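Heads up, the thing below is written out as structure tokens.
The values are calculated or read from the model by the stated rules, or taken from the named source; none is laboratory data. This structure is a prediction, so every number in the text was calculated from the model and none was measured. Here the Cβ positions follow ideal geometry from the backbone for every residue, glycine too, while neighbour counts run over all protein chains shown.
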Amino acid sequence: MTLGLKDLPNLISVARILLSLPVAYLLLEQRFTEALLLFFIAGVSDGVDGYLAKRFGWRSRLGSILDPLADKILLITSYLCLALVDVIPMWLMAMVLGRDLIIVVGAAAFHVFFGQFDMAPTWISKINTTLQIILVLALVLSRGLYPLPAEMLEWLVYGVFVTTVLSGLNYIWIWGQKAFHLKARRY
């Protein structure tokens, strides 16, 4: 198997997954300025791989899995590390991880019992992911380069909490409805 230019977006996504390791190390070592630089690189790479895939038609099923997986691995790693060094509350990390586990288990169960489906993020999920990213960036920035107001960080924590709960419940509702309708058609 040879790799060509069409594989470049997938390779960039794999590189972003691998970037999670040095990010984790830097966060655990509380070297927040360097971690912020790697976050910037990860953000740019996310934009570049999406641009290349769309611009040149280099989209693939693998890419549709790798890109969000890379983002999720980087976010989960960041939340876990920031909780371990007491930068975010452990309960928030548990909520974020719990929501993602519900989504993965729900998707797997749906696939086993009902078949393949296209998983499209909902609007509340997009808001949740955006707030999760903003919170990580704000906390890392605040600990590294520029202290931010504690009240702002607290509001972000609660915003992530609320949207995490709503997003998790929204996915359960959507999959429950799909499963109900598919089951009803069978009988």
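Given the criteria at pLDDT 95 or above and polar (S, T, N, Q), does Ser125 qualify? Talk me through it step by step, then tell me what you get.
Values: at pLDDT 95 or above: no; polar (S, T, N, Q): yes.
It is false that Ser125 is at pLDDT 95 or above and polar (S, T, N, Q).
Would you be able to say whether some residue in region 19-38 is under 19 Å from Ser125 (Cα atoms), in a helix (DSSP H, G or I) and either hydrophobic (A, V, I, L, M, F, W, C) or touching a Leu at 6+ places or on another chain (Cβ under 8 Å) (or both)? Before the answer, list the steps.
Just the residues of region 19-38 that are under 19 Å from Ser125 (Cα atoms), to begin with: none.
Within region 19-38, not a single residue is under 19 Å from Ser125 (Cα atoms), in a helix (DSSP H, G or I) and either hydrophobic (A, V, I, L, M, F, W, C) or touching a Leu at 6+ places or on another chain (Cβ under 8 Å) (or both).
List every residue pair whose Cβ atoms sit under 9 Å apart, with the two residues 6 or more apart in sequence or on different chains, where the first one lies in region 8-35 and is of a type in the set (Ser, Thr, Tyr) and the second, anywhere, is not in a helix (DSSP H, G or I).
Tyr25/Arg31; Thr33/Leu145
Do any residues in region 151-169 that are within 21 Å of Pro121 (Cα to Cα) have Cβ atoms under 7 Å from those of residues that are among the aromatic types (Phe, Trp, Tyr) and modelled with pLDDT of 95 or more, where the two are at least six apart or on different chains, and which pairs are they?
So the pair list comes out empty.
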